[in-house]
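Bear in mind that the values in this text are calculations on the coordinates, not laboratory data. Just so we're clear, the structure is a prediction, and the values are computed from it rather than from any experiment. Please note: Cβ atoms are built from the backbone with ideal geometry, for glycine as well, and neighbour counts cover all protein chains shown.
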Amino acid sequence: MEIFIKSDTNSVFFRCVQDSNEAIMISDIRGRLVYVNPAWSKIYGYEFESAVGQTPRLLHSGLHSDDFYREMWTRISNPEIASWKGELVNRAKDGSLVPVMLSITPFRDSNGQVSGYMGIALDMTERRELEAKIAHQDRLASIGMLASGLAHEIGTPLGVIRGRAELMGMQFENAEAQKGFEIITSQIDRISKLIRSLLRLSRNFSTAHLETVKVRGIADDILALLSQNFTKLNIKIQNEIPIDTEVLADPERLSQILLNLSINAAQAMEARGSLPDGQSHSFIFSCLPEEEGYITVSVTDTGTGISKENLKKLFKPFFTTKGVGEGTGLGLAISSQLMREMEGEISVSSEVNRGAQFYLKLRRVPHLPHR
Ligand SMILES: Nc1ncnc2c1ncn2[C@@H]1O[C@H](COP(=O)(O)OP(=O)(O)O)[C@@H](O)[C@H]1O
Ligand SMILES: [Mg+2]
């Protein structure tokens with residue numbers, strides 16, 4: 001068997017198997033590996049020399065029962081079926097789990113006797129991760145729907161409470177009691193504002209409607225929404241966008257983008273942990289000096305920063321450095337899509353351990369000639 005393989009290294013068949021993108025292993029009739037190709041070594045981490053002579057049990061992850069393997073071999077040995085194909089989880093040399101789609105077929109010698117088995121394994125890792133992410137995204141979408149329903153349900157009784165509190169406040173002469181009712185109404189207003197921001201975000205996006213938007217107000221809404229998170233992490237927040245800055249944008253889209261950037265920033269600062277010399281983290285919304293026809297809003301953080309290599313992939317869908325359940329890798333992909341829909345652009349500059357700065361280049365409102 002070994003001799004057959006070694007003497008055959010120049011044949012087209014051998015080259016095909018050797019260079020195949022799919023992991024291929026060949027065992028003798030007793031199940032001992034006589035050949036594995038480089039793709040096999042790549043996904044499992046065992047070199048040819050250390051794999052040959054072992055049995056594929058080397059790859060057992062412990063996640064499948066004995067019955068599972070018994071059933072597999074019953075099918076392979078049954079002359080009428082003579083194959084097994086299915087998904088299973090293997091374990092690579094470094095201990096990591098590798099989900100694969102595996103196909104095993106016996107092969108015969110010139111006398112028709114089974115002389116060994118060939119297994120082809122398709123690495124399903126990326127596919128599994130993608131599926132997990134999409135499932136997570138689905139959950140987020142349904143939570144969004146729930147949130148908007150809930151916001152409506154809360155909004156109505158809040159309005160009633162506010163009206164009553166205001167009325168009752170007016171009936172008291174006592175300054176202290178009046179003050180109490182004022183606090184009640186102002187706190188209710190705070191809740192309503194949060195609910196309105198939530199609603200705006202969960203609303204369905206249709207085509208972009210560009211209108212004159214005061215950016216600072218939108219940024220303030222986002223900061224209000226996230227103030228808890230920022231305070232908890234001890235992050236200093238600053239909104240340096242001038243009050244009268246106006247751009248041509250779709251307010252819902254712009255909120256969504258600023259929210260995505262802010263959440264990423266908070267996560268990056270949390271991931272970096274405390275700064276040297278006891279400095280505190282800071283998060284800044286500001287504007288760059290104006291350019292002809294455009295206004296650039298920047299979002300700056302003091303988080304982990306981004307490596308050169310990752311900077312290239314940042315806006316690609318599903319690119320994430322966060323674990324499943326934490327990141328979907330969709331935030332920036334969606335944000336850049338939304339920016340394009342508003343005839344703007346998103347860009348970034350960052351270095352590892354230097355924080356990150358994202359730029360939103362938005363169209364400015366054209367000055368109308370005075371009449
Ligand atoms: N402010 C930031 N600082 C450092 N890294 C960032 C920042 N924003 C985004 N990133 C990197 O870009 C990746 C993609 O971001 P995003 O598209 O929002 O997806 P997600 O946040 O779900 O991972 C993140 O996983 C992270 O590695
Ligand atoms: Mg994100």
So, first residue under 15 Å from Ile218 (Cα atoms) in the range 258-274, second residue part of a helix (DSSP H, G or I) and more than 8 Å from ligand 1 (Cβ to nearest atom), Cβ within less than 7 Å, six or more apart or across chains; the pairs are Leu258/Ile218; Leu258/Ala219; Leu258/Ile222; Leu259/Leu201; Leu259/Ile222; Ser262/Ile222; Ser262/Leu226
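Just checking, how many residues over the range 254-296 are assigned to a helix (DSSP H, G or I), away from ligand 2 (no atom under 16 Å from the Cβ) and closer than 22 Å to Leu338 by Cβ?
Here is the first cut: in the range 254-296, the ones assigned to a helix (DSSP H, G or I) are 254-272, 276-278.
Right, trim to away from ligand 2 (no atom under 16 Å from the Cβ) and you get 254, 276-278.
If we keep only those that are closer than 22 Å to Leu338 by Cβ too, we end up with 254.
Looking only at that region, the number is 1.
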In the range 328-360, residues that are near ligand 1 (Cβ under 10 Å from one of its atoms) and free of Cβ contacts under 8 Å to residues at least 24 places away in the same chain total 2
Checked the range 327-343 for anything more than 9 Å from ligand 2 (Cβ to nearest atom), assigned to a loop (DSSP other than H, G, I, E, B) and either out of contact with any helix residue (DSSP H, G or I) (no Cβ under 8 Å at 6 or more places or on another chain) or farther than 30 Å from Val365 by Cβ (or both); matches are Glu343
Counting only helices (runs of 4 or more DSSP H) wholly inside the range 8-126, the ones holding at least 1 residues that are in contact with a Lys or Arg (Cβ under 9 Å, 6 or more places away or on another chain) are 38-44, 48-51, 66-77
Exercise. Being surrounded by 14 or more Cβ atoms within 10 Å (Cβ to Cβ) and closer than 28 Å to Gly329 by Cβ, is that true of even one residue in the range 103-122?
Worked result: yes
